[in-house]
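Student: Here you go, one structure.
No lab work stands behind these numbers, since they all come straight from the coordinates. All values reported here derive from a predicted model rather than from experimental measurement. Quick reminder, even Gly has a Cβ in these numbers, built from the backbone with ideal geometry, and neighbours come from all protein chains shown.
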Amino acid sequence: MFGIPAIEWVGYVASICIAISLLMTDMFKLRIINSIGCILFVIYGFSIKAYPVGGINLFIFFVNIYYIIKMRKDK
């Protein structure tokens, strides 16, 4: 689409998800949207062999999941 490889679109969508997540005032929504962005960045990073990008986003994804589970248990 528009001469941009599909994997670059994954990176753009990931960036948008991360940016939108930072606008959230609800921490649960922030973590969910941020997790989606992280997974997209994991796909993007490993696809272009940018392993630090994929690795750190995989770590952040698991941190988000930990806190999502913790938030659900605390309710």
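Student: Can you give the calculated 222 nm mean residue ellipticity of the chain, where each DSSP H run of n ≥ 4 adds -39,500 (n - 2.57) and the sum is split over every residue, rounded to the nearest 500 deg cm²/dmol?
Tutor: Result for the chain, helices only: -28000 deg cm²/dmol.
Student: Follow-up. Based on the alpha-carbon gyration tensor of the chain and its eigenvalue square roots a ≥ b ≥ c, which shape applies: rounded if a/c is under 1.5, prolate if not and a/b is larger than b/c, or oblate?
Tutor: oblate
Student: Let me ask something else about it. Near Lys29, which lysines are there with a Cα under 21 Å away, not counting those fewer than 8 places off in the same chain?
Tutor: Output for Lys29: Lys70, Lys73, Lys75.
Student: Which net charge results when you count Lys and Arg as +1 and Asp and Glu as -1 among the other residues whose beta-carbon is under 9 Å from that of Ser21?
Tutor: Net of charged neighbours comes to +2.
Student: Between Lys75 and Phe28, how many nm apart are label points set 7 Å from Cα along the C-beta direction?
Tutor: If labels sit at Lys75 and Phe28, their model points lie 0.4 nm apart.
Student: Restrict the search to the chain; then list the chymotrypsin sites (Phe, Trp or Tyr not before Pro) that DSSP places in a loop and that have at most 10 other Cβ atoms within 10 Å of their Cβ.
Tutor: Counting only loop positions with at most 10 other Cβ atoms within 10 Å, the chymotrypsin sites (Phe, Trp or Tyr not before Pro) in the chain are Phe2.
Student: Right, another one. Most mobile of Ser35, Ser47, Ser15 per a Gaussian network model of the chain (Cα springs, under 10 Å)?
Tutor: Ser47
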